[in-house]
1. On the given criteria, is T202 buried (at least 17 other Cβ atoms within 10 Å of the Cβ) and more than 27 Å from G318 (Cα to Cα)?
2. For the stretch 185-196, check the following and say yes or no: at least one residue is outside any loop (DSSP other than H, G, I, E, B), among the acidic types (D, E), in contact with a Lys or Arg (Cβ under 8 Å, 6 or more places away or on another chain) and surrounded by fewer than 19 Cβ atoms within 10 Å (Cβ to Cβ).
3. Which one of A28, A62 is buried (at least 18 other Cβ atoms within 10 Å of the Cβ) and either over 30 Å from E245 (Cβ atoms) or modelled with pLDDT of 85 or more (or both)?
4. Quick one: is E279 buried (at least 20 other Cβ atoms within 10 Å of the Cβ), closer than 20 Å to Y184 by Cβ and charged (D, E, K, R)?
5. Taking the options V242, V227, name whichever one is assigned to a strand (DSSP E or B) and in contact (Cβ under 8 Å) with a residue 24 or more places away in the chain.
6. Would you say E331 is modelled with pLDDT under 95 and either more than 23 Å from F164 (Cα to Cα) or in a loop (DSSP other than H, G, I, E, B) (or both)?
Amino acid sequence: MKTIEAIPKRKIMNYTMPVWIFLACSLAAGSCRQKTVAERHCSEPSDVPFQFSAEPAPEWTALMERTSGWFGADGIFSIPLDGVEEQEIAGKKTLFIFSDTYVGEVVNRVPLPGNVMVNNSVAWMKGFTPDTSAIVFEYNRDRSGKPVAFFVPDNINSKPGEYFWLGDGFINQEKNNTLYLFAYHVHKTGPGVFDFEATNVTILKIKNPTPEGITNYQQIPTGLGFVHPALGRIYFGSGILVNTEKAKAPCPDGYVYIYGIAEGKKSLLAARVRPEEFEDVDHWTFWNGSDWGKNIHSVAPITDGVSNELSVTPTEDGRYFLTFTILGISEKIGI
């Protein structure tokens, strides 16, 4: 049983965020089919310094400000349910996924006693503008009515006491618009807030990514989480770039790029696979510093100091934006 909650309309609140510029590159080196002037940037990206500006988006902050039921969460990702990253499309539908989520009541910005935390939740939004009347938050409930997580470890890699922290996800148009989500096996290592460890990685397969179908999912265990002798603990799923024509990527090369983290220096890692072969990790290749190879243990860092949740966004001139929270927990955003 799940609880569904819509957001009531209310006044948008002001919000500020410092922005820090970080030079980074993506390894999604696409090649366009025609070498026209308009398309040449795909194989010959510009070396002109990129000009951009950043500003607060209080309307999006207000979208998540709630005082009853779902009132806060960590580890947010947004996933376009049509598989196309372009936002300004009529009828656009977006799934938000969250990890640790608080459920309860809030008065004067203070949670009341009795609130509970569940390990993951979701929200469904219609349209491409932040309208509080067009988003619905959901958290699962057990038979007694207690709030619980939607996704719980239950596969050959699972151990007692574990829970799922969610990574990124995407709609795979080569697999009948199936939704795939990354889920990290996490267990507590002590009583402190940060006393936890992520070990294995499971891929969640959801054939019907709708409010009615979200609880019906398959768990695909993987070897995408392990300890590297030099880089420390590694896991993949921190970000996804679907660099395909169907996703309307500016410079498609037909691959899905999956980004990972090496915890030692918060290093960025990369893997890629054709979307039709996504479920079979044996078909994945990993960036080893000079080329794409089959050996996951030869993976090499691209840059350091990134966060466990991040995004890579293609630009129209053949370059890519890596966006992250500096060192994972910070008031500064790196680009």
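1. Numbers: buried (at least 17 other Cβ atoms within 10 Å of the Cβ): yes; more than 27 Å from G318 (Cα to Cα): yes.
Judged against the criteria, T202 is a match.
2. No, every residue in the stretch 185-196 fails to be outside any loop (DSSP other than H, G, I, E, B), among the acidic types (D, E), in contact with a Lys or Arg (Cβ under 8 Å, 6 or more places away or on another chain) and surrounded by fewer than 19 Cβ atoms within 10 Å (Cβ to Cβ).
3. On the way: A28 fails: either over 30 Å from E245 (Cβ atoms) or modelled with pLDDT of 85 or more (or both).
Residue meeting the stated conditions: A62.
4. Working: buried (at least 20 other Cβ atoms within 10 Å of the Cβ): no; closer than 20 Å to Y184 by Cβ: yes; charged (D, E, K, R): yes.
No; evaluated as a whole, the condition is false for this residue.
5. Among V242, V227, only V242 is assigned to a strand (DSSP E or B) and in contact (Cβ under 8 Å) with a residue 24 or more places away in the chain.
6. Considered against the rule, which asks whether it is modelled with pLDDT under 95 and either more than 23 Å from F164 (Cα to Cα) or in a loop (DSSP other than H, G, I, E, B) (or both), E331 comes out as yes.
Yes or no, residue by residue, for (1) among the small types (G, A, S); (2) closer than 30 Å to E174 by Cβ; (3) in the same structural domain as N176 (by TED's automatic domain parsing):
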residue: P45; (1), (2), (3): no, yes, no
residue: D74; (1), (2), (3): no, no, yes
residue: A90; (1), (2), (3): yes, yes, yes
residue: S99; (1), (2), (3): yes, yes, yes
residue: P111; (1), (2), (3): no, no, yes
residue: W124; (1), (2), (3): no, yes, yes
residue: R143; (1), (2), (3): no, no, yes
residue: P147; (1), (2), (3): no, no, yes
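To keep it simple, each residue is scored yes or no on (1) over 27 Å from E245 (Cα atoms); (2) of a type outside the set (D, E); (3) not in a loop (DSSP other than H, G, I, E, B).
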site	(1), (2), (3)
Y259	no, yes, yes
A270	no, yes, yes
E279	no, no, no
D282	no, no, yes
H297	yes, yes, yes
P301	yes, yes, no
V312	no, yes, yes
D317	no, no, no
T323	no, yes, yes
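The values are calculated or read from the model by the stated rules, or taken from the named source; none is laboratory data. Bear in mind that the values here come from a model prediction, so they are computed numbers and not experimental data. So basically every Cβ, Gly included, is an ideal-geometry build from the backbone, and we count neighbours across all protein chains shown.
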